[in-house]
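Below: one structure, written as structure tokens.
The values are calculated or read from the model by the stated rules, or taken from the named source; none is laboratory data. Please read these numbers as outputs of a predicted model, since none were measured by experiment. A quick note on method: Cβ atoms are made from the backbone with ideal geometry, for glycine too, and the neighbour counts reach across all protein chains shown. SASA here: full protein model, heavy atoms, side chains in, ligands and nucleic acids out. Shrake-Rupley method; radii C 1.70, N 1.55, O 1.52, S 1.80 Å.
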Amino acid sequence: MAFGNVAAERAAIESTYEGSCTVTAFQTVKHPITHVTGQQRINLFENEPCGLSQTTLASSSKTETDNTIAFDAKLFISPDVIITAGCEIRVLQNGMDLKFEQVGEPFRYATHQEILLKQVGRA
């Protein structure tokens with residue numbers, strides 16, 4: 001593979017994706033019967049191929065009532081997918097089912113994009 005062939009480079013990168021993700025965001029919707037407008041979480045994408053990489057080691061905190069696990073991750077995904085800050089992203093990869101929030105704007109390349117994520121869950 002020679003550098004400069006974006007299609008071949010993109011195919012090579014996407015062949016390494018081991019996961020899939022569902023992206024949701026709040027959108028304003030109008031109830032068809034009551035005509036009341038409100039916010040509702042809507043799926044923007046489902047089962048989108050992706051790769052997830054942990055950028056910091058998991059840290060945990062424990063209180064009398066709660067155990068919290070937090071770590072940062074980076075999502076690798078097609079540059080064709082538009083994901084805005086504040087979206088919720090659920091990633092299924094290597095037997096894990098993880099929920100994240102996007103914490104920044106994506107960094108796009110011709111072959112892929114990288115998105116910083118923040119995961120907070122309960123143990």
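Just to be sure I understand, how many residues within segment 27-57 are of a type outside the set (Asp, Glu), without any contact (Cβ under 8 Å) to a residue 40 or more places away in the chain and farther than 18 Å from Leu116 by Cα?
Residues in segment 27-57 being of a type outside the set (Asp, Glu), without any contact (Cβ under 8 Å) to a residue 40 or more places away in the chain and farther than 18 Å from Leu116 by Cα: 17 in total.
crowded, with 16+ Cβ neighbours inside 10 Å, at pLDDT 90 or above and under 26 Å from Val6 (Cα atoms), is that true of Ile89? Walk me through it before giving the result.
On the way: crowded, with 16+ Cβ neighbours inside 10 Å: yes; at pLDDT 90 or above: yes; under 26 Å from Val6 (Cα atoms): no.
Here the answer is no, as Ile89 does not meet what is asked.
Ile83 fails exactly one of the following numbered conditions: (1) in a loop (DSSP other than H, G, I, E, B); (2) among the aliphatic types (A, V, I, L, M); (3) open to solvent by less than 40 Å² (accessible area, probe 1.4 Å); (4) at pLDDT below 90. What is the number of that condition?
Failed condition: (4).
Mind counting the residues in segment 82-121 that are free of Cβ contacts under 8 Å to residues at least 40 places away in the same chain and among the charged types (D, E, K, R)?
5
For segment 18-40, how many residues are touching a Ser or Thr at 6+ places or on another chain (Cβ under 9 Å) and part of a loop (DSSP other than H, G, I, E, B)?
Going through segment 18-40, the residues touching a Ser or Thr at 6+ places or on another chain (Cβ under 9 Å) turn out to be 25, 28-31, 37-40.
Now drop any that are not part of a loop (DSSP other than H, G, I, E, B), which leaves 31.
Looking only at that region, the number is 1.
With the requirement that a residue be farther than 12 Å from Thr22 by Cα and buried (at least 16 other Cβ atoms within 10 Å of the Cβ), what does segment 94-107 give you?
Result: Gln102, Pro106.
Step by step: first the residues of segment 108-123, then only those that are surrounded by 15 or more Cβ atoms within 10 Å (Cβ to Cβ) and part of a loop (DSSP other than H, G, I, E, B), then the one that is farthest from the chain's Cα centre (by Cα). Which residue is that?
That would be Thr111.
Within segment 45-80, how many residues are modelled with pLDDT of 60 or more and hydroxyl-bearing (Ser, Thr, Tyr)?
Result for segment 45-80: 4.
Just need a number here: residues in segment 92-103 that are among the charged types (D, E, K, R), at pLDDT 90 or above and either within 18 Å of Leu44 (Cβ to Cβ) or in contact with an Asp or Glu (Cβ under 9 Å, 6 or more places away or on another chain) (or both).
Filtering segment 92-103 down to residues among the charged types (D, E, K, R) leaves 97, 99, 101.
Filter once more, keeping what is at pLDDT 90 or above: 97, 99.
Remaining after also requiring either within 18 Å of Leu44 (Cβ to Cβ) or in contact with an Asp or Glu (Cβ under 9 Å, 6 or more places away or on another chain) (or both): 99.
Counting residues in segment 92-103 that are among the charged types (D, E, K, R), at pLDDT 90 or above and either within 18 Å of Leu44 (Cβ to Cβ) or in contact with an Asp or Glu (Cβ under 9 Å, 6 or more places away or on another chain) (or both) gives 1.
Give segment 1-55 a look and list any residue that's among the aromatic types (Phe, Trp, Tyr) and open to solvent by less than 80 Å² (accessible area, probe 1.4 Å), or say none.
Those that are among the aromatic types (Phe, Trp, Tyr) and open to solvent by less than 80 Å² (accessible area, probe 1.4 Å): Tyr17, Phe45.
Give the residues of segment 97-115 that are more than 13 Å from Ile82 (Cα to Cα) and among the charged types (D, E, K, R), sorted by residue number.
Within segment 97-115, Asp97, Lys99, Glu101 qualify.
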